[in-house]
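Have a look at the structure below before the remarks.
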Amino acid sequence: MRLLYVLLISTLALSDIFSVGMSLAPGLSVKNALLYPLALGLMFRMALTGRFRMRLPIVNVAFILWITYAVLTWVVCVTMIHYPGYDARNAGIELKSELFDSVLFFFVYFYGMESESDFHLIAKTLAFWIGIANILTLADVAGVIHLGIQVGQNGVEADRVFGVFGHANDTAALIVCVLPMMVAVAMQSRGSARLFWYAGAFASVAVLLLTVSRGAYVGVVLGYGAAVWFCRRYLPTSRVFAWVLIGSTCVVIAAALAVALLPQFSQVITERIFSQSMSGSISDASSGRTVIWATTIATMMAHPITLITGYGFLVYQTMFVLVTHNYYLDQWFGLGLIGLFCLLTIQYQTVATALRAIAAGAGPLRPYMIALVFGMLGLAVSIFFDNMDKPWSYVWIYVGFTLRAAAELVERSQKAEARKSSVGSALEPVGTRPTVRTRTRPAPARRMSVN
């Protein structure tokens, strides 16, 4: 069954790399044809073996509440409110593809992983395809191959490389999330294979620069910086400085490669990072994001109940042309406090569980747990400036199997502590006077009264 998990990731990546939708019907694709039977097979196996046990119930409940409330708002929009221009069919398909399938990806990989070897296989598979996708992106930009990688032409998207994972901001946010995991895979490898994994990580850094996504850059600085602080007990200062130096060197080399591939890259990054970001106008510095955010919140304030309930799933697209450029605000506008709270709960529980797993003890999985903290905090900051749409499947796959490993480490540590405390309480203190045992007549067994 583990090969099906590998096949699903491979199919998902190949469809994105070659821009093949693999659609079988509206809302149904080859990806779904693999995902749904895999989920059914997993449930069937659990039913037969009786080995199902809910782990991290708060995360499970948050996901279920998230999708349940989204479905409820969709039903209300279709049957009661009738927003002008709201397409019930397309909204239903988007609900299935954007939220239901993503949640299913998480549960399949969270409950499907049963051993450490499964974890390493899936981690290497995901790192392999992300690395290959970014290597091929660089090859396409260099003109070696032709995959149709999009490069922006007009406005704020001019001369920005989009990559294979959607918009430039989407590709950048995904790289910020999985890059630490790719480095962890490289660190755990030996021999010539390590060179390949580091090559994939380096290509990802180069593509991250070519996207010129300022939100992702902020995610690296603030998100990774916060991760260093949370993991400071397990990251020696010397190692942090060494990795900062190595990372800075890779960025410089990747920037030189980016300039060689796109001569206008230096002008784009100078304009966006230095000129635009340092503009005296907050609106110009944020590429108009603050205006969009203010308009969105003002729309909610016009009907204060929506501050709690939201307007409904995908209603934002019927009211505005530009996206919110803030995934948290997007969830708040559509699904109210429930949707926003579910997202924040999942993020918090993921980071908290990873930190507990790190504290559980040293081992081959600790670098992956540290990488999860880095990746999730980097992503959490990045999507404050982006609506990330397409790459969520990869994110929930990554969070699913890594969070399962983290939960196993925490449970193993708790059981070890429980055994240690029980053994310690059973031992008598050294130097104490032995207890004198006396022969006593056993008490008669107490019968249960039957009324």
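The values are calculated or read from the model by the stated rules, or taken from the named source; none is laboratory data. Not measured: the values here are computed from a predicted model. Neighbour counts are summed over all protein chains in view; Cβ atoms, including those assigned to glycine, are modelled from backbone coordinates with ideal geometry.
With Val164, Val144 as the choices, which residue is β-branched (Val, Ile, Thr) and either in contact (Cβ under 8 Å) with a residue 24 or more places away in the chain or in contact with an Asp or Glu (Cβ under 9 Å, 6 or more places away or on another chain) (or both)? I'd like the intermediate steps shown before the answer.
Values: Val144 fails: either in contact (Cβ under 8 Å) with a residue 24 or more places away in the chain or in contact with an Asp or Glu (Cβ under 9 Å, 6 or more places away or on another chain) (or both).
When all the criteria are applied, what remains is Val164.
Identify all residues within the range 61-96 that are closer than 20 Å to Ile397 by Cα, crowded, with 17+ Cβ neighbours inside 10 Å and not charged (D, E, K, R); write none if there are none.
Answer for the range 61-96, where residues must be closer than 20 Å to Ile397 by Cα, crowded, with 17+ Cβ neighbours inside 10 Å and not charged (D, E, K, R): Ala62, Phe63, Trp66, Ile67, Leu95.
Given Ala127, Ala133, Ala184, which one is farther than 30 Å from Tyr69 by Cα, touching a Pro at 6+ places or on another chain (Cβ under 9 Å) and among the aliphatic types (A, V, I, L, M)? Give the steps one after another, and end with the answer.
On the way: Ala127 fails: touching a Pro at 6+ places or on another chain (Cβ under 9 Å); Ala133 fails: touching a Pro at 6+ places or on another chain (Cβ under 9 Å).
From the options Ala127, Ala133, Ala184, the qualifying one is Ala184.
Look at Leu337 and say whether it is part of a loop (DSSP other than H, G, I, E, B) and hydrophobic (A, V, I, L, M, F, W, C). Give the derivation first.
On the way: part of a loop (DSSP other than H, G, I, E, B): no; hydrophobic (A, V, I, L, M, F, W, C): yes.
No.
When Leu34 is evaluated against the numbered criteria (1) out of contact with any Leu (no Cβ under 6 Å at 6 or more places or on another chain); (2) surrounded by 14 or more Cβ atoms within 10 Å (Cβ to Cβ); (3) over 26 Å from Leu335 (Cα atoms); (4) not polar (S, T, N, Q), which criterion, by number, is the only one it fails?
(1)
Quick one: Leu14 ticks every box in (1) modelled with pLDDT under 90; (2) closer than 28 Å to Phe165 by Cβ bar one, so which box is it?
(1)
From the list Gly215, Gly225, exactly one residue is free of Cβ contacts under 8 Å to residues at least 12 places away in the same chain, closer than 14 Å to Val176 by Cβ and not acidic (Asp, Glu). Which is it?
Numbers: Gly215 fails: free of Cβ contacts under 8 Å to residues at least 12 places away in the same chain.
So the residue among Gly215, Gly225 that is free of Cβ contacts under 8 Å to residues at least 12 places away in the same chain, closer than 14 Å to Val176 by Cβ and not acidic (Asp, Glu) is Gly225.
Can we say Ser102 is touching a Phe, Trp or Tyr at 6+ places or on another chain (Cβ under 6 Å) and not charged (D, E, K, R)?
Working: touching a Phe, Trp or Tyr at 6+ places or on another chain (Cβ under 6 Å): yes; not charged (D, E, K, R): yes.
It is true that Ser102 is touching a Phe, Trp or Tyr at 6+ places or on another chain (Cβ under 6 Å) and not charged (D, E, K, R).
Every residue, every condition in (1) assigned to a helix (DSSP H, G or I); (2) of a type in the set (S, T, N, Q); (3) within 25 Å of Val207 (Cα to Cα); (4) at pLDDT 90 or above, yes or no:
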position: Ala227; (1), (2), (3), (4): yes, no, yes, yes
position: Ser238; (1), (2), (3), (4): yes, yes, no, no
position: Thr249; (1), (2), (3), (4): yes, yes, yes, yes
position: Val252; (1), (2), (3), (4): yes, no, yes, yes
position: Val259; (1), (2), (3), (4): yes, no, yes, no
position: Thr270; (1), (2), (3), (4): yes, yes, yes, no
position: Ser283; (1), (2), (3), (4): yes, yes, no, no
position: Val291; (1), (2), (3), (4): yes, no, no, no
position: Ile297; (1), (2), (3), (4): yes, no, no, yes
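Under the condition of being of a type outside the set (S, T, N, Q) and surrounded by 14 or more Cβ atoms within 10 Å (Cβ to Cβ), which residue from the range 47-60 is farthest from Gln331 (Cα to Cα)? Break it down stepwise before answering.
Our first condition is that a residue be of a type outside the set (S, T, N, Q); within the range 47-60, this holds for 47-48, 50-59.
Subset that is surrounded by 14 or more Cβ atoms within 10 Å (Cβ to Cβ): 55-56, 59.
Values: Arg55: 26, Leu56: 23, Val59: 17 Å.
Step by step, filter the range 47-60, then rank; the result is Arg55.
Report yes if some residue within the range 367-386 is in a helix (DSSP H, G or I), closer than 18 Å to Leu99 by Cβ, aromatic (Phe, Trp, Tyr) and out of contact with any Gly (no Cβ under 6 Å at 6 or more places or on another chain); otherwise report no. I'd like the intermediate steps shown before the answer.
Restricting attention to the range 367-386, the residues satisfying the condition of being in a helix (DSSP H, G or I) are 367-382.
From what is left, the residues that are closer than 18 Å to Leu99 by Cβ are 379.
Cutting the leftovers down to aromatic (Phe, Trp, Tyr) gives us none.
Among the residues of the range 367-386, not one is in a helix (DSSP H, G or I), closer than 18 Å to Leu99 by Cβ, aromatic (Phe, Trp, Tyr) and out of contact with any Gly (no Cβ under 6 Å at 6 or more places or on another chain), which makes the answer no.
Which residue is farthest from the chain's Cα centre (by Cα), if the candidates are limited to the range 86-119 and must be of a type in the set (A, V, I, L, M) and part of a helix (DSSP H, G or I)? Write out each step before concluding.
Filtering the range 86-119 for residues of a type in the set (A, V, I, L, M) gives 88, 91, 93, 95, 99, 103-104, 108, 113.
Then drop every residue that is not part of a helix (DSSP H, G or I), which leaves 88, 91, 93, 95, 99, 103-104, 108.
Values: Ala88: 28, Ala91: 23, Ile93: 22, Leu95: 19, Leu99: 13, Val103: 11, Leu104: 14, Val108: 15 Å.
Among residues in the range 86-119 that are of a type in the set (A, V, I, L, M) and part of a helix (DSSP H, G or I), the one farthest from the chain's Cα centre (by Cα) is Ala88.
This table checks each residue for (1) within 29 Å of Leu340 (Cβ to Cβ); (2) in contact (Cβ under 8 Å) with a residue 12 or more places away in the chain; (3) not in a helix (DSSP H, G or I).
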site	(1), (2), (3)
Met43	no, no, no
Arg51	no, no, yes
Met54	yes, no, yes
Ala62	yes, yes, no
Trp66	yes, yes, no
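Identify, by number, the condition in (1) more than 16 Å from Gly375 (Cα to Cα); (2) at pLDDT 90 or above; (3) among the hydrophobic types (A, V, I, L, M, F, W, C); (4) buried (at least 23 other Cβ atoms within 10 Å of the Cβ) that Leu208 doesn't meet.
(1)
When the range 311-329 is examined, which residues are found to be in a helix (DSSP H, G or I) and buried (at least 23 other Cβ atoms within 10 Å of the Cβ)?
Here is the first cut: in the range 311-329, the ones in a helix (DSSP H, G or I) are 316-319, 327-329.
Passing the criteria: only Tyr327.
Name the single residue, out of those in the range 340-366 being in a helix (DSSP H, G or I) and farther than 27 Å from Glu98 by Cα, that is farthest from the chain's Cα centre (by Cα). Before the answer, list the steps.
In the first step, residues of the range 340-366 are kept if they are in a helix (DSSP H, G or I); the result is 340-359, 366.
Going one step further and asking which of them are farther than 27 Å from Glu98 by Cα, we end up with 355-359, 366.
Values: Leu355: 16, Arg356: 18, Ala357: 17, Ile358: 18, Ala359: 21, Arg366: 18 Å.
By that ranking, first place goes to Ala359.
Report whether or not Tyr83 is closer than 23 Å to Tyr311 by Cβ, more than 18 Å from the chain's Cα centre (by Cα) and assigned to a helix (DSSP H, G or I). Before you say what the answer is, go through the steps one by one.
On the way: closer than 23 Å to Tyr311 by Cβ: yes; more than 18 Å from the chain's Cα centre (by Cα): yes; assigned to a helix (DSSP H, G or I): no.
Considered against the rule, which asks whether it is closer than 23 Å to Tyr311 by Cβ, more than 18 Å from the chain's Cα centre (by Cα) and assigned to a helix (DSSP H, G or I), Tyr83 comes out as no.
Look through the range 134-166, keep the residues that are among the β-branched types (Val, Ile, Thr) and not in a loop (DSSP other than H, G, I, E, B), and return whichever of them is modelled with the lowest pLDDT. Let's see the steps before the verdict.
Narrowing the range 134-166 to residues among the β-branched types (Val, Ile, Thr): 135, 137, 141, 144-145, 149, 151, 156, 161, 164.
Now drop any that are not not in a loop (DSSP other than H, G, I, E, B), which leaves 135, 137, 141, 151, 156, 161.
Numbers: Ile135: 95, Thr137: 95, Val141: 92, Val151: 87, Val156: 78, Val161: 91.
Result: Val156.
Going by the conditions given, is Leu195 on the phi < 0 side of the Ramachandran plot, modelled with pLDDT of 90 or more, assigned to a helix (DSSP H, G or I) and touching a strand residue (DSSP E or B) at 6+ places or on another chain (Cβ under 7 Å)? Walk me through how you get there before you give the answer.
Numbers: on the phi < 0 side of the Ramachandran plot: yes; modelled with pLDDT of 90 or more: yes; assigned to a helix (DSSP H, G or I): yes; touching a strand residue (DSSP E or B) at 6+ places or on another chain (Cβ under 7 Å): no.
Here the answer is no, as Leu195 does not meet what is asked.
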